Every structure is written in C-alpha cells, then in structure tokens.
Amino acid sequence: MKKKLFNLSLIFVGMLIVSIVTATADEVSRIKSLDRMTYTINPQIKLVGPVFRDQSDKTEKTKYVSTLVNLIIKESDKKAHKYLEAGDTKAYYAFLVLGLTVPLHEGLYVHFRNVDGDVCNINANNAELIKKTGATNYKIFNQYFKNPSRPYFPNCEEMPSKVNVNQIIRGGDGTDLSLMQISIRWHFDDFLANRKYESVDETLQYGLNHLLNGFDPVYRNINDYPCLLDATNIQNKKKINYTHLIQGIWAGKYNSGSISQTCRFSDSNSPYKNHDIGFEKNLKKILNFKGSISPDYIGELSLDQATSAAVSEITSNLLNGTNRHSAIDEVLR
C-alpha cells in the first residue's frame, strides 16, 4: 500500500486573493490565505518548536525562519552524515538541499502559526472536511484529534478567543498535516500515535527519515534510473545529475509513495507534471539562494547571517563539487 505525503503548495495554487480596501490594520498584516490552510489547536496545548507569527515584524520573522532552517540542517546532517564520512560529499549535500526544499514546497516553511483574528475554520476543525475524504480518514481523525478529554482540534465554537490563536498547517482536503505534509491515512501508527506532529523537530525527523528511505536505495542503484544520469564522460561512465536526483526522490518515494515513480518528473506526459514543476520551482529557490527565501503566499523571509552563510555553503558545495563546511559547522554546533 502506498504511503503518500502530498504537496501543499500546488493544492492551493490560485487561492491567494489580495484585497485590503476595507481591511483593518490586523487584517492587512494577517496572511489570509493561511486561514484556509490550517487546523486550529486547543489553546491548552503547548507548542514545541518555532512558531510562525505572520503579524510580527521583519526581525521576528528572520529569527523564526533562521531557527527553522537551523533545525532542518541539523536533522538533515544526522540522516546523511554517513555519506560525508564515506567521502561521498555530493550525495551528502544533495540530501541537505533536498531537506531544505521539501518543507518549503510542502508546508511553506510553516508548521505552527500564531495569529490574531477570527481564523478557526469550522469546516476543518469540526471534521466536516475530513469526513468528505472517506470513513477511514474520518475515523483516524476522530481517534487522534477529537478525544473528548483532550481534543487537539476542538470544534470552533469551543474556542471563542480571537487573540493568540495557535494553528498547524494542513493540506487541501485535510488529510495531510504539518510542514512535511504527512498523510494521516498512511502514517497514523507512528506519526500520530506518538504525537510527533506536536513537535517541529520530531516532525522534521520523521519526514526526513522518509526521504532517506527513498534516497538510499535509489542512490545505491543509480544506474537503474536513466533520468538521474547525465551524458557519458571520457571514461565512458555517466555522471549523476544531483539536481535530478533530488527531484526524483521527491517525485517517487515522497510524493507518489513508490520508488518506481522516481523518474516521473522527467515524463512530459505524466498526469502529475504540474506537481513536479512546482517542486522544481522551489528547488530553484534553494539552489539560487541569496540570503532570503520566498515561500508561496508568504513572501520574502530573510535569514540571519550565520544561517544564510550555511545555506550558501551547502548549495555552493553541491553545485561546484566543493566541500567547504566552516559555516555549516557553526550551525551544527
């Protein structure tokens, strides 16, 4: 059975409508598109990890995204460090770039959101949205999120407060959750059962481990995937195209749930062509990094100097075949 983790960005293409004609000051500063991409969390539950506040100033946003990217780099390093130890530096940096791209593409670099306003989505929190996806998903949702003694997502009428509202990002039909867009249908036995979604770090660990489960077997058998190889060199051997490798891991194991779909991104007739184009767009945002990142709907988020230097070092090492890591080491300390 396929274990799918779906793309949030594409689900919501075209949803953003900017209108500030009659808005109040708070409404102007709130990213209203996120209202339609979230579940609202029980205010009694403590959030673990960085929280995105779209009504904060640029300094606070920089602190937020820098903290998140630091976590991503640290967890990606733990997963892929074996490649660095083996001297396979390009594989190591390819996985770090993959780790930086997936949560940008899937969850807009947002896991938890704190916001002021009337933002609780009745259709989502009251389980009407998930009910439309089938009895199994509805049962799982109620089991893990609607426990009467401690509901993670209470009904909206039970949460009258409109200030400091905590939310978690979700997919369009409600079945995918978190900045890694993990399917509750296929990952309930660990991700939900052990409440890993309650922690940004544990969510990253879980999603990156799923990526590595696709990366390892594909990389070990790279010659089985022609779409990941470039033209023959002078030794009559084909070189690995590491950008294509990153695209293939997401298209195959992560998005489709099957390694057999690794070359899906190179198929111009694929019914999922737009999914793969969307991922490539976000991959380019990372590869062309110049100090800031622009998640869809959210806009430019600048990183602090140390984190920015680490990201630049990672992308430069992958693109140029180098192995400079002084800035990376500062983040990993």
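Taken together, the values in this text are just the output of simple stated rules run on the coordinates, not laboratory data. Owing to the predicted nature of the structure, the values given are computational and were not obtained by experimental measurement. A quick note on method: Cβ atoms are made from the backbone with ideal geometry, for glycine too, and the neighbour counts reach across all protein chains shown.
Tabulated data
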| item | result |
| --- | --- |
| Approximate spin-label separation E157-T136, in nm, with each point projected 7 Å along Cα-to-Cβ | 3.2 nm |
| Zero-based 10 Å bins, Cα pair distances in the chain, whole percents | 6, 26, 34, 23, 9, 2, 0 |
| Around T59: net Lys/Arg minus Asp/Glu count, Cβ-Cβ under 13 Å | +1 |
| Convex hull of the stretch 29-157 built on C-alpha atoms - directionally averaged projected area, nm² | 10.3 nm² |
| Phi-based couplings in Hz for the stretch 214-222 (Karplus 6.51, -1.76, 1.60; Gly and Pro marked x) | x, 5, 4, x, 5, 5, 5, 10, 4 |
| Normalised alpha carbon radius of gyration of the stretch 249-308 [divisor 2.2 N^0.38 Å] | 1.38 |
| Subset of K58/K82; K61/K281; K78/K239; K32/K132 violating a 30 Å alpha-carbon distance limit | K58/K82 |
| Under Karplus coefficients 6.51, -1.76 and 1.60, residue-wise ³J(HN,Hα) of the stretch 72-86 in Hz, glycine/proline x | 4, 5, 5, 6, 5, 4, 4, 6, 9, 4, 4, 5, 5, 4, 7 |
| Gaussian network model of the chain, springs between alpha carbon atoms under 10 Å - residue of I293, I169, I240 with greatest fluctuation | I240 |
| Relative contact order of the chain, pairs being alpha-carbon contacts under 8 Å that are 6 or more residues apart, as % | 25 percent |
| Nonlocal amide H pairs with S183, under 5 Å, H built at 1.01 Å | F6, L177 |
| For L301, distant residues with modelled amide H under 5 Å away | I293, S294 |
| Principal axes of the stretch 175-333: Cα extent on each, largest first, Å | 51, 39, 29 |
| Choice from V218, V163, V119 with maximal GNM fluctuation in the chain (Cα, 10 Å cutoff) | V163 |
| Highest-fluctuation residue, S302, S161, S66 considered, GNM on the chain with Cα pairs under 10 Å | S161 |
| Stretchable slack from N323 to S149, in nm (0.36 nm times residue separation minus alpha-carbon distance) | 57.4 nm |
